[in-house]
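Engineer: Pasting a structure here, questions to come.
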Amino acid sequence: MKEEILFFSAPWCSPCKHMKTMLTESIRHELNLKIIDITKDMEIAAEYKVMNVPTFVKIKDDKVVSRKVGTTTIEKLKLL
């Protein structure tokens, strides 16, 4: 069972910058979280229908199982 969280962000997004400071390397590893810059990876953002940033998309066994738009806490990310 493979799980990961995709964090879609942009360099100009203040809430994204705030979230990045909270997401330490150990938390990223624990959550298997990947940061995706929508200005560089537009195709991936389009594939997951990301319309706003920050957006978190949880993928389990290659299927989207949940998503969260906007800032959140580490505790809520763990429950995503």
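Engineer: With Cβ to Cβ distances under 13 Å as the rule, what net charge do the other residues near residue 48 carry (K, R +1; D, E -1)?
Structural biologist: +1
Engineer: Here is a follow-up. For the chain, what is the accessible area per residue in Å², given a 1.4 Å probe and the full set of protein chains?
Structural biologist: Each residue of the chain exposes 64 Å² on average to a 1.4 Å probe.
Engineer: Related question: Residues with amide H under 5 Å of residue 67's amide H, sequence separation 5 or more or different chain, H placed in the peptide plane at 1.01 Å from N; which?
Structural biologist: Those lying under 5 Å, H to H, from residue 67 are 58.
Engineer: Another question about this same structure. Can you give the % of DSSP beta bridges in the chain that are antiparallel, to the nearest 5?
Structural biologist: 70
Engineer: Do the sum for the chain: with -39,500 (n - 2.57) for every DSSP H run of n ≥ 4, divided by all residues, what is the mean residue ellipticity at 222 nm, to the nearest 500 deg cm²/dmol?
Structural biologist: -8500 deg cm²/dmol
Engineer: Just tell me which aspartates and glutamates come within less than 17 Å, Cα to Cα, of residue 20; anything on the same chain fewer than 8 places away is out.
Structural biologist: Once the sequence-local aspartates and glutamates are set aside, what remains near residue 20 is 4, 30, 37, 75.
Engineer: A further question follows. So, counting K/R as plus one and D/E as minus one, what does the shell of residues with Cβ under 15 Å around residue 16 add up to?
Structural biologist: With Lys, Arg at +1 and Asp, Glu at -1, the net is +4.
Engineer: Taking the structure as given and computing mean projected area of the Cα convex hull in nm², which label from (1) 4.9; (2) 6.6; (3) 7.8 fits?
Structural biologist: Among (1) 4.9; (2) 6.6; (3) 7.8, the one calculated here is (1).
Engineer: When the accessible area of the chain is computed with all protein chains present and a 1.4 Å probe, what percentage of it is carbon and sulfur?
Structural biologist: 55
Engineer: Also, quick follow-up: At each listed q (0.15 Å⁻¹), what is the log10 of I(q)/I(0) that the Debye formula gives for the range 40-80 modelled as equal alpha-carbon point scatterers?
Structural biologist: The computed values of log10 I(q)/I(0) come out as -0.38.
Engineer: Sticking with this structure for a sec: Starting at the first residue of the range 17-27, write each ³J(HN,Hα) from the Karplus equation 6.51 cos²θ - 1.76 cosθ + 1.60 with θ = phi - 60°, in whole Hz, x for Gly and Pro.
Structural biologist: So the Karplus estimates, Gly and Pro as x, are 4, 4, 5, 4, 5, 6, 8, 5, 4, 5, 5 Hz.
Engineer: Let me ask something additional. What lysines sit close enough to residue 60 to cross-link, taking a C-alpha to C-alpha distance under 16 Å and skipping anything fewer than 8 places away on the same chain?
Structural biologist: By straight Cα distance, residue 60 reaches 2, 34, 68, 78.
The values are calculated or read from the model by the stated rules, or taken from the named source; none is laboratory data. No experiment lies behind these values; they were computed from the predicted model shown. Every residue, glycine among them, receives a Cβ derived from its backbone with ideal geometry; neighbour counts consider all protein chains shown. Ligands, DNA and RNA are stripped out before the accessible areas are found, and what is left, the full protein with its side chains, is counted by its heavy atoms. Shrake-Rupley method; radii C 1.70, N 1.55, O 1.52, S 1.80 Å.
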